Amino acid sequence: MTLTIPGFDHVRLPGADDVELAAAVGGSGSPVVLLHGFPQTHLMWRHVAERLADEHTVICPDLRGYGASDKPTATDPDVYAKRTMAADVVTLAAALGHERFALVGHDRGALVAFRAGLDHPETITHLGILDIVPTLDMWNVLHGASAAVGYHLFLMAQPPGLPEAMIAGSADAFFGSFLDAWANDPTATPEDVRAEYLRASAAAVTSIVADYRASADIDVMHDQADLDAGSQLAMPVTVVQQDWGAQLGYDAAGVWKAWAPDLDHRLTSAGHFMAEEAPDEIAAAIQGLLAR
């Protein structure tokens, strides 16, 4: 049985291109969509979603290719382009009657949220980003020995076949290694939740790799086109991240300021899985964003 957020309805809703997404929906009030990261599902938002649901309608989908959502075959790069995944989110929210909404993403979900903010400025009212820089900047800041922290990005960027076979052959060890290495507080992910993440990820190796592969190809092209055009995020933006700038040698706030003129950039002492490790801090950051 798929774990979901206690007290929320678990539904299936239309995304783009006849793809269906699974989502947990709860609360009432102005809508907020929360997008999960790797190697997780919507369940990572369980604590934050419950805190926000007192004042907001909270929508937590599994991204296409993840969790209980559809996993279409990557017949071309567009299938898992962040532009397509952003269209999923806009379509899903519209199916619930929300033509405008706030959007917050973590990790892979944050890349989708970033693309949604650029592609759908009339729809996204506020944008929250947890622990990433945009795809184009991500590749630019990974260099030398420090790039080893992102080895999986390079592995899953390879042509179809070998990455999928390597990961599927040791799925629990592969996905579990990130749950261990990226956590400051491993107890924040209890055993039943960890088991759900591993189960869901092992069942989605091909689509997860396709998502990452798109970020070494079509997503870079889309970001570069926006950079060349001078496109920026029109809505209030809050970014919360670990101090990757100090670790990898770049100005993280400066990177984000170039894309987001109305920026609140924050550093956290929590680990990568900050929505689980520090839900009060993350919920407060989101509530502050929504008040702008």
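For region 11-168, the relative contact order is 21 percent, taking Cα pairs closer than 8 Å that sit 6 or more residues apart in sequence and dividing their mean separation by the residue count. Backbone amide hydrogens, once placed in the peptide plane, bring residue 129 within less than 5 Å of 105, 238, 239, 240, excluding anything fewer than 5 places away on its chain. Taking θ as phi - 60° and the Karplus parameters 6.51, -1.76 and 1.60, the scalar couplings of region 154-164 work out to 6, 4, 7, 7, 6, x, x, x, 5, x, 4 Hz in sequence order, x denoting glycine and proline.
From the square roots a ≥ b ≥ c of the eigenvalues of the alpha-carbon gyration tensor of region 154-292, which class results: rounded (a/c under 1.5), prolate (a/b over b/c), or oblate? Working shown, then result.
On the way: a/c = 2.20, a/b = 1.23, b/c = 1.78.
Because a/c hits 1.5 or more and a/b fails to exceed b/c, region 154-292 counts as oblate.
Taking R0 as 35 Å, what's the FRET efficiency between residue 166 and residue 187 from their Cβ-Cβ distance, rounded to 0.05?
Numbers: r = 30 Å, r/R0 = 0.86.
Between residue 166 and residue 187 the formula returns 0.70.
Between the amide H of residue 57 and those of 28, 29, 30, 32, distances stay under 5 Å, these residues lying 5 or more places away or on another chain, with hydrogens modeled in the peptide plane.
Measuring with a 1.4 angstrom probe and ignoring ligands and nucleic acids, residue 70 comes out at about 50 Å² accessible. Shown for region 123-173 is the translational diffusion coefficient from the Stokes-Einstein equation, using the Kirkwood radius over Cα pairs, a temperature of 20 °C and a viscosity of 1.002 mPa s: 159 µm²/s. Excluding ligands, DNA and RNA, the accessible surface per residue across the chain is 38 Å² with a 1.4 Å probe. Between the alpha-carbon centres of region 6-36 and region 96-154 there is a gap of 19 Å.
The coefficient of translational diffusion for region 166-226, derived via Stokes-Einstein from the alpha carbon Kirkwood radius under 4 °C and 1.567 mPa s, stands at 98 µm²/s. Label zone (residue 91, point 7 Å along Cα-to-C-beta; backbone nitrogen cut-off 20 Å) within region 22-57: 22-25, 33-36, 42.
Starting from the Kirkwood radius over alpha-carbon pairs of region 96-183, derive D by Stokes-Einstein at 20 °C in a medium of 1.002 mPa s and give it in µm² s⁻¹. Display every interim value, and only then the final one.
Working: Rh = 15.3 Å.
Rounded to a whole number, D works out at 140 µm²/s.
In summary, region 1-116 shows an alpha-carbon radius of gyration equal to 0.96 times the 2.2 N^0.38 Å reference for compact globular proteins.
Computed from the C-alpha gyration tensor, the three semi-axes of the ellipsoid equivalent to region 188-252 are 30, 20, 13 Å, from longest to shortest.
The values are calculated or read from the model by the stated rules, or taken from the named source; none is laboratory data. Computed from a predicted model, the values in this text were never measured in an experiment. Neighbour counts are summed over all protein chains in view; Cβ atoms, including those assigned to glycine, are modelled from backbone coordinates with ideal geometry. Please note that ligands, DNA and RNA were not included when accessible areas were found on the heavy atoms of the full protein model with its side chains. Shrake-Rupley method; radii C 1.70, N 1.55, O 1.52, S 1.80 Å.
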